[in-house]
1. For segment 232-259, give me each residue that is crowded, with 18+ Cβ neighbours inside 10 Å, modelled with pLDDT of 90 or more and over 17 Å from Lys503 (Cα atoms).
2. Of everything in segment 1-57, what is modelled with pLDDT under 80, surrounded by 13 or more Cβ atoms within 10 Å (Cβ to Cβ) and charged (D, E, K, R)? Give them in sequence order.
3. Scan segment 431-451 and report the pairs whose first residue is over 17 Å from Arg398 (Cβ atoms) and whose second residue is basic (Lys, Arg) and assigned to a loop (DSSP other than H, G, I, E, B), with Cβ atoms within less than 7 Å and a gap of 6+ or a chain change.
4. Going by the structure shown, is Asn280 under 20 Å from the mean Cα position of the chain (by Cα) and crowded, with 19+ Cβ neighbours inside 10 Å?
5. Right, Asn170: buried (at least 19 other Cβ atoms within 10 Å of the Cβ) and either within 30 Å of Pro376 (Cβ to Cβ) or at pLDDT below 80 (or both) or not?
6. Would segment 298-311 turn up any residue that is within 7 Å of the ligand (Cβ to nearest atom), farther than 23 Å from Leu206 by Cα, part of a loop (DSSP other than H, G, I, E, B) and at pLDDT 85 or above?
7. Please list, ordered by first then second residue, the pairs with beta carbon atoms under 8 Å, 6 or more apart or interchain, first in segment 337-356 and at pLDDT below 90 and of a type outside the set (Phe, Trp, Tyr), second within 7 Å of the ligand (Cβ to nearest atom) and not in a loop (DSSP other than H, G, I, E, B).
8. Answer yes or no as to whether Val365 is away from the ligand (no atom under 12 Å from the Cβ) and either modelled with pLDDT of 80 or more or under 19 Å from Val470 (Cβ atoms) (or both).
Amino acid sequence: MAAHAGAEDLLIFVRDRELGIVLPAPGFQQTLPDAKAWRVFLESCIENSFQEGELPFPTSGTMKHVTGFAAEDGSAVVFLGDNHEIDRGVDISLLLPILAAAFEGERIATVAEGNTAVAKQAATQAKLLADSLDKARNELRHTLSEAHRANAAKDRFLAVLSHELRTPLNPVLMAASAMETDPNLPPEIRADISMIRRNVELEARLIDDLLDLTRIANGKVQLQRKIVNGHDLLDEAVAVVRGDPSVQQSKIEVEFGADQHHIDGDPARIQQVCWNLIRNAVKFTPLDGRILIRTRNSDAETFRIEVVDTGIGIAPEALPKIFNAFEQGDTDINRAFGGLGLGLAISHALVGLHGGTLRAESAGVGRGATFVFELPAVERSAIALETTTPPPAETDRRRILLVEDHATTAALMARLLRKRGHRVELAHNKTDAIALGLREEFDIVISDLGLPDGNGFEVMQALRSKSRVVGIALTGYGMEADVAQTMKAGFQFHLTKPVDAQKLYQAIEQIPAP
Ligand code: ADP
């Protein structure tokens, strides 16, 4: 959190209606060095609602950074120094019209009466007002800093909570995935296990959604953009939904009509949006209904995906609200379907981050729904550039060093990876991992971040100093700081626990064979 600045870090200007200019409000510094520069700055601030600049400070006269916010009536609040907080500026600027009106009232009364007693009284009142403003200002500061602190605590709490909720899901998910495909088990047991896996996955998804929402709300989602084929992404999303045994819809149709179908985006995030839309269509459409996923170019520059279903539809009054977090169309209907009402809020925000749009259409309850997702299409010349760079992924066997202190998780992961033909060595702590990693050659190190005698960052740093091993970090903390830190430490992938076996395989397959 930014350090708390002193009282002199703020100037308030109110508009004098009579003179038509902006003056320092009573109680604030009245004379400013280089008045002309200040006037230009304030004019621009009032014109644009917001302005930054380098100006001489009233106290020292030295040039420093200032930030100004203007209210609609032309009064302004200016923060001195580098540490300004947008929220605070906006909050204070909301108070400005009230202050300006109060000062105006005092002045007019004084002038009209021509009475020195009244003028004196007005001055006293102005002083009182300035004092109470000072108090309000401090309270506001305090409240805002408390709010920021509480917000940070909430973030941290969610991160820790998700970690605690997720970690135990990991071995369950891994074991279930392994048993589900084990031909030695009777089919009815495998069906039960598959049900267990699906429910655990659902739980993990809800935790992911909560985390995503806090990240989006804090503007901390970082897109890993590249140029991708939108049809490939959709194909994969459809394959995942079709491959889910709980999805019984036979009628998921695909019609790819877009000629320009490359987009510049974060493939994982775009897929997340597509999954959400397709899953919702499946969820809200009866078994005999129909789901159509089609693409076209709305114009030469726009790639458009439509997910059309013949399901329960959306009432006109619910339509504008379904993109709000925790908002669901019809509460009674939704109780039957479950869900938290986060998927569309997250999707909407993710699409916005990509510079695209997402909207819903429905002719009403019982009449199906259409979700329209549009993104800027990428020019062909740009595609050629990007697609020539990455080498094609190979699915050869890899030598993997798996560092995980949770014995059950480690054993299960090793088993799954070996089943896919990889050679896996296990280490349960930092010391063993480094010793093993330096003694033998590995292509990939998959490491938990929290280890009993250190952390995954140290393992990665030690191994990267000697070889070109590629790192995949595993962690229960899904928060952005972890992702940034793992990338800095030399990990190329970051997977959040419980690790989805498919995601792990995909990450491994993306690493080119040596
Ligand atoms: P959830 O599905 O978890 O409730 P979403 O944010 O994905 O949350 O969806 C919000 C609401 O939008 C849903 O509860 C539902 O009322 C409505 N909705 C979403 N997709 C459809 C659809 N294809 N048909 C009808 N209603 C839908």
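1. Answer for segment 232-259, where residues must be crowded, with 18+ Cβ neighbours inside 10 Å, modelled with pLDDT of 90 or more and over 17 Å from Lys503 (Cα atoms): just Ala258.
2. Glu8, Asp9, Arg15, Asp16, Arg17
3. Close Cβ pairs satisfying both conditions: Leu438/Lys466.
4. On the way: under 20 Å from the mean Cα position of the chain (by Cα): no; crowded, with 19+ Cβ neighbours inside 10 Å: yes.
So Asn280 fails the test.
5. Working: buried (at least 19 other Cβ atoms within 10 Å of the Cβ): yes; either within 30 Å of Pro376 (Cβ to Cβ) or at pLDDT below 80 (or both): yes.
Against the criterion (buried (at least 19 other Cβ atoms within 10 Å of the Cβ) and either within 30 Å of Pro376 (Cβ to Cβ) or at pLDDT below 80 (or both)), Asn170 qualifies.
6. Kept after step one, since they are within 7 Å of the ligand (Cβ to nearest atom), are these residues of segment 298-311: 309, 311.
Cutting the leftovers down to farther than 23 Å from Leu206 by Cα gives us 309, 311.
Then drop every residue that is not part of a loop (DSSP other than H, G, I, E, B), which leaves 311.
Within this subset, residues satisfying the condition of being at pLDDT 85 or above are 311.
Yes, there is a match, as at least one residue in segment 298-311 is within 7 Å of the ligand (Cβ to nearest atom), farther than 23 Å from Leu206 by Cα, part of a loop (DSSP other than H, G, I, E, B) and at pLDDT 85 or above.
7. Once the first residue is at pLDDT below 90 and of a type outside the set (Phe, Trp, Tyr) and sits in segment 337-356, its partners that are within 7 Å of the ligand (Cβ to nearest atom) and not in a loop (DSSP other than H, G, I, E, B) give Gly339/Lys283; Gly341/Asn334; Gly343/Asn276; Gly343/Asn280; Ile346/Asn276.
8. On the way: away from the ligand (no atom under 12 Å from the Cβ): no; either modelled with pLDDT of 80 or more or under 19 Å from Val470 (Cβ atoms) (or both): yes.
Criteria not met by Val365.
The values are calculated or read from the model by the stated rules, or taken from the named source; none is laboratory data. Owing to the predicted nature of the structure, the values given are computational and were not obtained by experimental measurement. Methodologically, a virtual Cβ is constructed for each residue, glycine included, from the backbone with ideal geometry; neighbour enumeration extends over all protein chains shown.
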